[in-house]
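What follows is a short report on a single structure.
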Amino acid sequence: MIRLARIEDVEDILNIFEFARHTMAQSGNPRQWRNNYPHPSIIMDDINTQTCYVVEENHKIGGVFVLKITGQKSYDTLATGQWHHDKPYGALHRLASNNTIPHLGRLCLSYCKARINYLRADTHEDNQRMKALLINHGFHQCGYVLCAITGDIRPAFDWYED
């Protein structure tokens with residue numbers, strides 16, 4: 001089940017992000033989400049703006065993601081390349097799992113696609129798992145975006161319903 005995150009979920013969400021940081025580092029992506037990113041204040045802001053979602057199975061949280069239906073300013077233009085469409089979109093961020101729910105990435109992407117017909121996302125260049133997830137679920141790399149948090153240039157992807 002996917003639902004909006006609540007304040008009482010913060011500890012579980014922090015644990016999932018810690019697990020994800022460790023998993024990324026072990027799989028060749030030690031530079032993404034450095035310095036304990038995302039910080040509790042970011043998570044609280046995501047919860048308060050009702051953009052943070054959790055994935056539950058048997059009343060246990062196994063994943064988290066952010067979906068901003070209103071888009072995101074840093075996605076308005078790309079550093080290089082071009083988005084496939086210039087229309088309202090949802091921005092997908094901070095997808096993470098503790099590996100307890102099978103196919104969690106697919107579940108999250110399906111949930112997002114059911115809510116808006118145009119999605120944008122980015123990930124760290126070293127995040128091979130996320131890049132593969134996006135591509136395997138119909139996203140297309142269309143350039144590079146400047147990450148508002150770190151200043152890194154990151155691969156940018158979009159998905160659209162024909």
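The numbers here are math on the coordinates, done by the rules we state, and not lab data. Bear in mind the structure is a predicted one, so any value in this text is a computation, not a measurement. Because the Cβ atoms are built from the backbone with ideal geometry, glycine has one as well, and the counts that use them run over all protein chains shown.
Compactness of segment 84-162, taken as the C-alpha radius of gyration over 2.2 N^0.38 Å, stands at 1.07.
Taking a Cβ cut-off of under 12 Å around residue 20, the surrounding Lys, Arg, Asp and Glu residues balance to a net charge of +2, with basic ones at +1 and acidic ones at -1. Distance from the alpha carbon centroid of segment 74-93 to that of segment 111-129 works out to 11 angstrom. Label-to-label distance for residue 141 and residue 10 is 3.7 nm, based on points extended 7 Å past Cα in the beta-carbon direction.
Calculated mean residue ellipticity at 222 nm for the chain: -9000 deg cm²/dmol, from DSSP H runs with n ≥ 4 weighted as -39500 (n - 2.57), summed, divided by the residue count and rounded to 500. With neighbour counts taken as other beta-carbon atoms within 10 Å, the residues 10, 64 rank, fewest first, as 10, 64.
Run the numbers on the chain and let me know its relative contact order in percent, using alpha-carbon pairs under 8 Å that are six or more apart.
Values: 267 pairs, mean separation 36.2, N = 162.
After rounding, I find 22 percent.
Of all aspartates and glutamates in the structure, those lying under 18 Å Cα to Cα from residue 73, and not within fewer than 8 positions of it along the same chain, are 45, 46, 86, 122, 152, 158. Neighbour counts of C-beta atoms inside 10 Å place 123, 23 in the sequence 23, 123, starting with the fewest.
Could you give the semi-axes, largest first, of the ellipsoid that matches segment 2-160, computed as the square roots of 5 times the alpha carbon gyration tensor eigenvalues and rounded to whole Å?
Details: eigenvalues 104, 62, 47 Å².
Semi-axes (√(5λ), whole Å): 23, 18, 15.
The ranking of 11, 18 from fewest to most other beta carbons within 10 Å of each one's beta carbon is 11, 18. The string of couplings for segment 8-15 from the Karplus curve (6.51, -1.76, 1.60, θ = phi - 60°) is 5, 8, 4, 4, 4, 5, 4, 5 Hz, one whole number per residue in order, with x for Gly and Pro.
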